[in-house]
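Q: Just dropping this structure here.
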Amino acid sequence: MISRLRKLISNLFSGSGKDDIGIGIYGPPNAGKSTLANQISQDLTGEEMSNVSEVPHETRAVEKKEKVTIESEDGRTLDLNLLDMPGISTNVDFKDFTEHGLEEEQAKGRAKEATKGIVEAIKYLDDVDACLVIFDSTEDPYTQVNVTIIGNLEAKDIPILVLANKTDLEDADPERVRDAFPQHPVLEISAKEGENIDKLYEEIIERLT
């Protein structure tokens with residue numbers, strides 16, 4: 001798995017000549033995108049960058065953190081522009097928000113904002129250099145709209161690293177994610193607990209500098 005990840009990153013970025021690398025975090029609502037973005041940003045800048053909530057579509061506009069710097073023990077540095085994307089969904093129903101206690105008028109407004117956020121996230125596919133595509137490993141990967149996003153990324157030749165998230169939960173099954181996308185490297189993580197995040201940093205600094 002690690003050798004495949006190294007090959008992916010090496011092929012993607014070696015010789016690109018870019019000062020900053022734009023990395024988008026894509027996935028469905030509540031898969032852990034903002035939790036991962038906050039984990040990375042907190043580790044590398046001391047600041048979180050996104051709100052996290054059990055209510056779906058908490059992130060309804062692209063959140064950007066510039067100059068997220070990774071530094072290796074031997075002094076090499078790499079600047080990233082980290083993009084936390086709104087959750088991608090094929091259908092945004094205001095009733096999903098009323099189930100979390102929002103009044104109908106407020107829920108309809110949030111659904112409208114969420115729809116605009118999805119459109120914005122898809123437009124950003126033209127601007128990112130690589131993507132972390134995150135799955136909730138406690139759910140069937142084929143029911144998550146990431147399948148559609150991965151197809152779009154493949155069509156645009158944007159390199160992908162698939163993340164099987166929430167491995168800290170008892171019913172996690174990251175092998176389902178790996179079986180669903182054998183053509184891509186899959187890294188098992190718990191964004192909430194920070195599990196395997198250091199491994200992600202190590203691979204990035206090794207192959208992008």
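Q: So which residues in the stretch 31-47 are over 17 Å from A61 (Cβ atoms) and not hydroxyl-bearing (S, T, Y), if there are any at all? Spell out how you get there, then give the answer.
A: Of the residues in the stretch 31-47, the ones over 17 Å from A61 (Cβ atoms) are 31-32, 35-36, 39-40, 42-47.
Passing the criteria: A31, G32, L36, Q39, I40, Q42, D43, L44, G46, E47.
Q: Can you name the residue in the stretch 122-146 that is over 14 Å from I25 (Cα atoms) and touching a helix residue (DSSP H, G or I) at 6+ places or on another chain (Cβ under 6 Å) and, of all such residues, is surrounded by the fewest Cβ atoms within 10 Å (Cβ to Cβ)?
A: Once the filter is applied, the top-ranked residue is P141.
Q: Please name all residue pairs, on different chains or six or more residues apart, with Cβ atoms under 8 Å, provided the first residue is in the stretch 156-176 and is crowded, with 16+ Cβ neighbours inside 10 Å and the second residue is among the aromatic types (F, W, Y).
A: V162/F135; V162/F181; L163/F135; A164/F135; N165/F135
Rule-based calculations on the coordinates, nothing more; no lab input. Computed from a prediction, not measured in an experiment: that's the story for all the values here. Heads up, the Cβs are rebuilt from the backbone with ideal geometry, glycines too, and the neighbour counts pull from every protein chain shown.
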